[in-house]
Amino acid sequence: MVFRYLSKDVLAGFDKYKYSAIDTSPISNYITHPFWNWLVQFFPVWVAPNTITLAGFLLLPLQFLVLSYYDPEFLASNDGNPEYPPIPRWVWLFSSLCIFFAHTLDGIDGKQARRTKTSGPLGEMFDHGLDSWITVFMPVGIFSIFGIGAHSINYTHCLYVLASVQVSFIFSHWEKYNTGILYLPWAYDISQLGMALLFLATYISGNDMWKFTVPYIGWNIGTFMEYTVMYAMSLGFAIPVSLWNVYQAHVAKTSKGRGLYEGCRPIFPVVVLYGLFFIWVNYSPTAIMDRQPRLMLLACGTTFANIACRLIVAQMSSSRCHGFNALLLPLAMIVATVVLFPTMAVWENAMCIGYTILALAAHLHYGICVVDQLADHLHIYIFSTKRPPTHD
């Protein structure tokens, strides 16, 4: 039985929804979109856009699983570590292809929808909802290239990098929540193509090519990319642009008319989420981030994706966004337990595993039920271009 997450008012809001986006990226307009317009012609018209979306998304969890098998703790790229043999060279090529084709299919799905005359709010919600989850799989793969240690960053900074990527994502949708327009960030195409080329270069020359110190700065390449690419570009550019666009819409009186508190509600759960994870990572009695780096990143990223999906539903249906997420309650209980009661540290690893499973199960349940409920409301199939039969 499908749980009905969407109220009647929210569903009615989807009936009035119209897609509005602005894309000024030169790479997007002059490279990727022309390529996608050419490539989509080879897709059969019976292939549903959501099938393309899902296929592209699944490539990234697959890449995550492959890298998790060969490099569970991001140590396989370190020199002199007999516990972890080097990552096979083909894994880098596989990762590059996964990212390239995931990005390509993500760009084609909307064009296939217009080509098959099946465009609608379900496809956009499905696409952007999966994009919110991709924000954990894509940056995590890069940590395996540089390794953790002398030639890269430490485990705690892995969480900071993830936060910078996901905060940039949430701000773009917070921007749309307040303005009604999705301003597609320039960094999207740059980051996708850049990561594909990064993995390809590693396949060609091996990951030893990244073990050097940046001249005049003295940073290793991992730290250099952390501060210049992740923090400076994501936080130093993306967030100010979003704030400026919201301000401009407010001045021009084209915004949604929400006050300061209501307009900022979508940000509250993200602040709490990362506040709790930062406390957990920095005050863990067993250094849980060092012991379970992939699980911690996956748990945090999946909880973020659930928060982001609920924001996407709210902004598309013009309804009030949630100011709290239920997954934060068990997380807060775990953090309070391990930090305030060190004797419970023996259970910290089990609590990490349990919360990860809970977050994955809750997010999958939410996503499946919401997509199914909206498809039923719109009277369409999720993975078919055909229409269900009408009943008089």
Exercise for the section: Would you confirm whether any residue within the range 361-377 is closer than 24 Å to residue 130 by Cα and of a type in the set (S, T, N, Q)? Expected result: yes
Fill in the blank from the handout: Picked from the range 239-286 (must be in contact (Cβ under 8 Å) with a residue 60 or more places away in the chain and not in a helix (DSSP H, G or I)), the residue farthest from residue 148 (Cα to Cα) is 254
Practice task
Determine whether residue 297 is touching a helix residue (DSSP H, G or I) at 6+ places or on another chain (Cβ under 7 Å) and in a helix (DSSP H, G or I).
Solution key: yes
Handout entry: Among the candidates 255, 319, residue that is touching a helix residue (DSSP H, G or I) at 6+ places or on another chain (Cβ under 6 Å), at pLDDT below 90 and surrounded by 15 or more Cβ atoms within 10 Å (Cβ to Cβ)
Key = 255
Fill in the blank from the handout: Residue set 326, 308, 314, 332; condition surrounded by fewer than 19 Cβ atoms within 10 Å (Cβ to Cβ) and assigned to a helix (DSSP H, G or I); output residue 332
Exercise for the section: Pull up the range 351-392, narrow it to residues that are among the charged types (D, E, K, R) and part of a loop (DSSP other than H, G, I, E, B), then point me to the one that is nearest to residue 15 (Cα to Cα). Expected result: 387
Practice task
Scan the range 284-313 for residues that are over 12 Å from residue 129 (Cβ atoms) and not hydrophobic (A, V, I, L, M, F, W, C) and jot them down.
Solution key: 284, 285, 286, 290, 291, 292, 293, 294, 301, 302, 303
Practice task
Could you tell me which of the residues 15, 71, 23, 9 is touching a Leu at 6+ places or on another chain (Cβ under 9 Å) and surrounded by 11 or more Cβ atoms within 10 Å (Cβ to Cβ)?
Solution key: 23
Problem - All positions within the range 181-234 that are surrounded by 14 or more Cβ atoms within 10 Å (Cβ to Cβ) and at positive phi - result: 206
Fill in the blank from the handout: From the option list 35, 64, 3, single residue qualifying as in a helix (DSSP H, G or I) and within 26 Å of residue 367 (Cα to Cα) is 64
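For every residue, the table says whether it meets (1) assigned to a loop (DSSP other than H, G, I, E, B); (2) under 19 Å from the mean Cα position of the chain (by Cα); (3) of a type outside the set (S, T, N, Q).
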site: 96; (1), (2), (3): no, yes, no
site: 103; (1), (2), (3): no, yes, yes
site: 113; (1), (2), (3): no, no, yes
site: 124; (1), (2), (3): no, yes, yes
site: 128; (1), (2), (3): no, yes, yes
site: 139; (1), (2), (3): no, yes, yes
site: 142; (1), (2), (3): no, yes, yes
Practice task
Name the one entry in 42, 35 that is among the aromatic types (Phe, Trp, Tyr) and surrounded by 12 or more Cβ atoms within 10 Å (Cβ to Cβ).
Solution key: 35
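The values are calculated or read from the model by the stated rules, or taken from the named source; none is laboratory data. Please read these numbers as outputs of a predicted model, since none were measured by experiment. Neighbour counts are summed over all protein chains in view; Cβ atoms, including those assigned to glycine, are modelled from backbone coordinates with ideal geometry.
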